[in-house]
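This report refers to the structure that appears directly beneath it.
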Amino acid sequence: MIIIDNLHKTLENRKILKGINLSIAENECVGLIGPNGAGKTTLIKCMTGILSYENGSIRMDSQPIEQHKKDIGYLSQYTDFKAWMTCRESLLFFGQLSGLEKKLVQKRIPTLLEEVGLFGKDHFKVEQLSGGMKQRLGVAQAILHNPRLLILDEPMSSLDPIGRNEMKKLMERLKLHTTILISTHILDDTGEICDRYIIMKNGQVIGNINSQLQHVDRRKVLLQVKDMKNIDRLKMHSDFESVQFLSPHTILLSGDKEFVLKNVIKACTAQSIEVITIGFHQKDLEQVFIEMVSEI
Amino acid sequence: MNNLFILVRAELAEALKEYKFIWLTLFFSTLGVTQPLINKYMDVILNHIGDTAGIVIDPNRQVPNATDVFLSTISGQFNQIGLIILIISFMGLIATDRNSGMQDFILTRPVSLYSYLYSKLIGHWLISMFSISVGVLVSYLYTVYLFGTFSFLKLLGFLVLYSLWILYLISLVILISTFVKNQILIAILTITFAFFWIFTKNFSHALSQIVPAKILTLAEHQLLDLHELNYVSVFICLMLTVLNISWAGAKFNKF
């Protein structure tokens with residue numbers, strides 16, 4: 001659906017994007033992550049047509065993305081609206097700018113506000129809304145015209161835990177029929193929503209993390225043992241740098257080299273430790289991300 | 001075209017909600033009555049505030065006619081204090097949208113950059129011309145009441161040409177806003193450029209032919225019986241306005 005090829009962007013004599021290549025499939029939900037200054041927001045601004053770019057191309061369905069503005073919904077990092085407008089007026093304004101009939105927008109507004117958790121707030125002025133409420137209104141304007149591609153820049157940054165939870169549910173519903181690109185640096189928020197993460201650093205895509213796959217850490221072994229007797233003896237073993245007690249029957253062995261499970265069982269048996277289950281430690285997304293970013 | 005209309009309507013609605021229409025109109029109306037009042041009651045004012053020993057009022061001095069008074073209202077009040085306040089009221093026309101993220105929301109819609117820029121130009125031109133026109137009308141009525149009549153048609157001719165100068169000024173604010181983000185600096189730079197053009201038109205005859213402020217001379221000539229309509233000045237003013245917006249558009253993409 002989206003193909004970005006060798007995209008370059010310079011801002012104030014500084015190269016922000018240095019040959020971005022990526023693709024996003026139809027109905028895929030992709031997270032865009034990277035440390036601050038990686039170029040995520042610039043990439044998003046190029047994709048939405050806010051910024052032009054020097055080299056490369058961004059294509060949607062094989063056509064320049066500029067021709068698909070009607071198909072894109074966008075929520076910026078800093079959400080604000082005309083303070084004097086009511087929620088209703090704001091949505092009417094953006095709906096009409098998207099080429100929708102006034103009557104159609106008016107009909108959609110109550111459902112839309114309910115969907116983003118602002119039901120009954122249609123006559124509230126923007127200046128009366130909290131930061132979180134403005135964020136929700138931002139989402140409402142982004143999905144108002146049923147876009148095929150939804151681009152969200154830090155959508156949960158100013159939401160409280162309840163708001164985040166509601167937003168996650170909304171994303172889950174939207175991803176059934178919409179392609180979503182979410183820029184974030186809080187992986188906890190999008191962990192369950194995104195199918196894949198694109199990692200950016202210094203204006204380049206440095207890798208992908210498939211959130212459906214399990215990421216194992218072969219330098220850490222999780223053991224469930226019958227009892228903790230003789231466990232301390234493992235500390236004497238040269239392969240094990242540390243032994244962590246996680247629960248009355250669970251320990252985590254760490255080393256500086258990758259373990260072979262067979263050898264770990266042998267070492268335990270040698271110390272008369274009865275192993276019930278054994279497996280490599282699963283890394284969470286944040287760990288995988290930090291490792292990828294710090295490696296390059 | 002439809003989007004341009006929607007955006008202009010939003011600009012006008014904003015000016016209404018923020019009472020800009022009211023305070024700007026009141027301001028220009030006040031300016032409009034100040035000069036005729038000063039001219040009419042100068043003797044009284046001087047008698048009250050001056051030390052009689054130091055002020056000698058020439059009893060044979062020429063009494064200004066209605067056109068002279070009105071011209072001094074325009075060149076003295078509207079083109080100096082009025083211009084400064086007008087520019088200050090416009091200084092955030094792009095910067096506010098940019099800082100709030102509203103600009104991003106608008107430009108990600110199927111709205112062309114030029115629709116957005118021209119909506120700012122047209123919207124603020126309509127707001128200013130409404131306020132200025134009311135101020136000019138109030139000034140005209142006061143001047144006619146105190147100093148005698150002059151042609152209303154001449155006044156309309158003046159207003160049409162003066163509105164082109166205002167159009168140019170707004171385009172200048174838009175252009176400077178694409179280079180500078182600080183609102184105060186935008187205002188200072190625009191005021192400096194505006195006064196520079198006004199100064200240049202009086203300073204050099206050759207240069208005055210191509211400066212946008214020449215349109216002011218042309219507007220003033222409509223009030224005097226100099227039936228000069230220099231189409232070159234009209235064309236240059238309009239062309240520079242379009243050029244400013246085009247330049248702003250080209251620069252905009254590079255932000």
Quiz prompt | Violating pairs (Cα-Cα greater than 25 angstrom) within the set A:LYS45/B:LYS181; A:LYS18/A:LYS169; A:LYS45/A:LYS121; A:LYS9/A:LYS134; A:LYS102/B:LYS20 | solution = A:LYS18/A:LYS169; A:LYS45/A:LYS121; A:LYS9/A:LYS134; A:LYS102/B:LYS20
Self-check item: Residue-normalised accessible area of chain A, given per residue in Å² at a 1.4 Å probe
Solution: 48 Å²
Quiz item: Excluding the sites themselves, what is the longest stretch of chain A that contains no GluC sites (Glu not before Pro) in a DSSP loop with at most 12 other C-beta atoms within 10 Å?
Solution: A:102-191
Quiz prompt | Cα-based radius of gyration of chain B once divided by 2.2 N^0.38 Å, which approximates compact folds | solution = 1.11
Self-check item: Cα-based radius of gyration of the stretch A:13-69 once divided by 2.2 N^0.38 Å, which approximates compact folds
Solution: 1.16
Self-check item: Anchor A:LYS103: aspartates and glutamates whose Cα lies under 17 Å away (excluding residues fewer than 8 positions away in-chain)
Solution: A:GLU89, A:ASP122
Quiz item: Relative contact order (percent) for the stretch A:88-146, with alpha-carbon contacts under 8 angstrom and 6 or more residues of separation?
Solution: 40 percent
Exercise. With runs of 4+ DSSP H residues as the only contributors, calculate the mean residue ellipticity of the protein assembly as shown at 222 nm using -39,500 (n - 2.57) per run, divided by the residue total and rounded to the nearest 500.
Key: -16000 deg cm²/dmol
Practice problem: With springs only between Cα atoms under 10 Å apart, run a GNM on chain A and tell me which of A:MET156, A:MET200, A:MET236 wobbles the most. | Solution: A:MET236
Quiz item: What are the residues of the stretch B:79-107 that lose 40 Å² or more of accessible area, with a 1.4 Å probe, going from their chain alone to all protein chains?
Solution: B:SER100, B:MET102, B:ASP104, B:PHE105, B:LEU107
Quiz item: Which whole-number percent is the relative contact order of the stretch B:2-252 (Cα, under 8 Å, 6+ apart)?
Solution: 27 percent
Exercise. Extending each Cα 7 Å along its Cβ direction at A:GLN106 and B:GLN62, get the distance between those two points in nm, one decimal.
Key: 6.2 nm
Quiz item: Between A:ASN21 and A:SER294, what is the spin-label point distance in nm, taking each point 7 Å from the Cα along the Cα→C-beta axis?
Solution: 2.9 nm
Exercise. Throw me the Rg/Rh for the protein assembly as shown, computed over C-alpha atoms with Kirkwood Rh, two decimals.
Key: 1.18
Quiz prompt | the stretch B:2-252, accessible area per residue, ligands and nucleic acids excluded (1.4 Å, Å²) | solution = 46 Å²
Quiz prompt | Relative contact order (%) - criterion: Cα under 8 Å, at least six apart; region: the stretch A:2-210 | solution = 31 percent
Quiz item: Using θ = phi - 60° and the Karplus curve 6.51 cos²θ - 1.76 cosθ + 1.60, what whole-Hz ³J(HN,Hα) does each residue of the stretch B:116-123 get, with Gly and Pro shown as x?
Solution: 5, 5, 5, 5, 5, 4, 5, x
Quiz item: In whole angstrom, how far apart do the alpha carbon centroids of the stretch A:5-46 and the stretch A:254-296 sit?
Solution: 35 Å
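The values are calculated or read from the model by the stated rules, or taken from the named source; none is laboratory data. Every value quoted in this text rests on a predicted model; they were computed, and no experiment measured them. FYI the Cβ positions are ideal-geometry reconstructions off the backbone, even for glycines, and counts take in every protein chain you see. Ligands, DNA and RNA are stripped out before the accessible areas are found, and what is left, the full protein with its side chains, is counted by its heavy atoms. Shrake-Rupley method; radii C 1.70, N 1.55, O 1.52, S 1.80 Å.
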